[in-house]
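The values are calculated or read from the model by the stated rules, or taken from the named source; none is laboratory data. Bear in mind that the values here come from a model prediction, so they are computed numbers and not experimental data. Here the Cβ positions follow ideal geometry from the backbone for every residue, glycine too, while neighbour counts run over all protein chains shown. To get the accessible areas, we keep the full protein, side chains included, count just its heavy atoms, and leave off ligands, DNA and RNA. Shrake-Rupley method; radii C 1.70, N 1.55, O 1.52, S 1.80 Å.
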Amino acid sequence: MTIVCIAFMLGIVAVGEWFPSSSLTVWACLLAASAGAAIVARSHPSWQTVFLLTAFLALGGMRMVVSDTSSATSEFNPTSNPIRRAVVQRMNSLFAEADAQQEGSIVVAMSMGEKRNISRDLRADYSSSGAAHVLALSGLHIGIIFFLFKLLFSHRPRYRLTLSRLLAEGLLIAAVWCYVYIVQMPPSAVRAATMVTLYELMSLHQRGHVSLNVLGATAFVMLLISPADLYNIGFQLSFAAVTAIVVFYPLFCQIVPRPTNRALSWLWSMLCVSLAAQIGVAPLIAYHFGYISTYSVFSSLVVIPCATILVAMSVFLIVFLYVTIVAETIAALLASVADMMNKFVTWMASLPGSTINNIHLNVGQVVFVYLTIGCLSLLLALMLKKNKMMDKTS
């Protein structure tokens, strides 16, 4: 599925960058010819694969042409959702009453995706420290929401497919998508929700794990709906980070096994995930923004636990939003945690060498960097596999 998704994306890029004036008829003919050739080449699996990938490339080109000729857009007006608007206004008023507007702006950004009230200086500190990713609704936030809903809709036994379990899984998926809809469906949140949906569907067959194929299927579905999302920075960073985590996290764990101590194991896992994500997004950040954060791996050790607490507590704040006493108490606790995180981020940003600036990569250089990373990861995986086989035979 990953290779299929890459072929589909190449079709989108072909229309968006190389052949912007190409017609729908040309791509439709290429799709029909490739599909027909794939049927004829059934006795030659290698050629059939080439023709099928060409067909998906043509499908991507067709979808992009149709998208370009349509006036529809996948973006929502930030104030178009009345539920989101009411929640954001109520949360802002609670934090204003507690004289914690700056802390409240962080909480509102992390829970509802509303970042307009964050000051420019604070936003710059989060960028310099490599913690800006927690301000955008992404897999981290959707994962926390998913876990909370999972506790609510949990069903036992897990490995028996019953009507009650199907109902619980359906309510869980619906709850996650309702949240994503309320927060205006940013690409990173849609990606995470789609992966959660696929994960839950596969778990019904005891196959619940995130793989490159799941990631490819998620990207394919999102781009089939809105091919222009391929040029969205959030979409690119989100998939680059998760792809790197899926590829590099198992390799890091093979190089240095997890400690047996639970605290050290958690710390090691956090470092591995942060380092893998940084490897995945660094070239794109350099391309789009012209800098690289040098302390992002270490800042995540504090920022991610704080973000987990903030997002989880924000859910309870939303639930009790109009129960004044409870809402004010939760808002005060949220402000305290957000204040601690803000101070830590500001301190990290003030350290010497927190960013490497004036890095300007072009598209070719970005592709070369990712190809190099891919080759090195493949070489590392082969070396680890060879060492493992040698250990077994010795």
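Tabulated data
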| item | result |
| --- | --- |
| Qualifying residue in the range 219-231 (condition: among the aliphatic types (A, V, I, L, M) and over 21 Å from Ala7 (Cβ atoms)) | no |
| Residue match in the range 121-137 (condition: at pLDDT 85 or above, of a type in the set (A, V, I, L, M) and more than 28 Å from Thr243 (Cα to Cα)) | yes |
| Among residues of the range 174-186, those that are within 11 Å of Leu137 (Cβ to Cβ) and open to solvent by 20 Å² or more (accessible area, probe 1.4 Å), counted | 5 |
| Failed item, numbered, when Met313 is tested on (1) open to solvent by less than 30 Å² (accessible area, probe 1.4 Å); (2) modelled with pLDDT of 90 or more; (3) aliphatic (A, V, I, L, M) | (1) |
| Exclusive hit being in contact (Cβ under 8 Å) with a residue 12 or more places away in the chain and over 19 Å from Ile285 (Cα atoms), set Thr393, Thr346 | Thr346 |
| Hits in the range 108-143 - residues which are open to solvent by 20 Å² or more (accessible area, probe 1.4 Å), hydroxyl-bearing (Ser, Thr, Tyr) and part of a helix (DSSP H, G or I) | Ser127, Ser128 |
| Scan of the range 16-59 for residues that are among the hydrophobic types (A, V, I, L, M, F, W, C) and under 25 Å from the mean Cα position of the chain (by Cα), ordered by number | Phe56, Leu57, Leu59 |
| Residues of the range 20-47 that turn out to be at pLDDT below 85, in contact with a Gly (Cβ under 8 Å, 6 or more places away or on another chain) and open to solvent by 40 Å² or more (accessible area, probe 1.4 Å), as a count | 0 |
